[in-house]
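The values are calculated or read from the model by the stated rules, or taken from the named source; none is laboratory data. Here the structure is a predicted model, which means the values were calculated and not measured. A quick note on method: Cβ atoms are made from the backbone with ideal geometry, for glycine too, and the neighbour counts reach across all protein chains shown. Just the protein is used for accessible areas: all its heavy atoms, side chains included, with ligands, DNA and RNA removed. Shrake-Rupley method; radii C 1.70, N 1.55, O 1.52, S 1.80 Å.
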Amino acid sequence: QVQLVESGGGLVQAGGSLRLSCAASGNIFSINAMGWYRQAPGKQRELVAQITSGGSTNYGDSVKGRFTISRDNAKNTVYLQMNSLKPEDTAVYYCNAEIVATSAIRTNAYWGQGTQVTVSS
């Protein structure tokens, strides 16, 4: 069993900051890319940021320069530092990880349960 547990969401005023965390646990052999997606009401889920096991990063255009993704491979944890938040950043944020479980022979994508981020104007 593999699970991702997110934390750090909440309510913040525009211009403020939040830090999301996502810890992977269970029967993990290795973790490849980890990332964050978000879904606002009535919209499709979109990529926020992704980081490879080697530390290469990729960001959605709307968050470049404001959000920073990082990971601690020893803790199987990925972080998302969100600065200069805007009301349009309001969404449910989901953690995603490409994991090879100890009982598996290939990579599977796992998702967290989601954490709400609300930015007030």
Using a 7 Å offset from the Cα along the Cα-to-Cβ direction at both GLN44 and ASN27, what is the distance between the two label points in nm, to one decimal? 3.5
About its Cα centre, how strong a charge dipole does the chain have in debye, to the nearest 20, once Lys and Arg get +1 and Asp and Glu get -1 at the Cβ? 40
If you scale each eigenvalue of the Cα gyration tensor by 5 and take the root, what three semi-axes come out for the chain, rounded to whole angstrom and sorted largest first? 26, 14, 12
Taking protein heavy atoms only, a 1.4 Å probe, and rounding to whole percent, the accessible area of the chain owed to carbon and sulfur comes out at 46
Where only protein heavy atoms count, and the probe is 1.4 Å, what is the accessible area per residue for the chain in Å²? 52
What's the extension gain from THR68 to ALA104 if we count 0.36 nm per residue and subtract their Cα-Cα distance? 9.8 nm
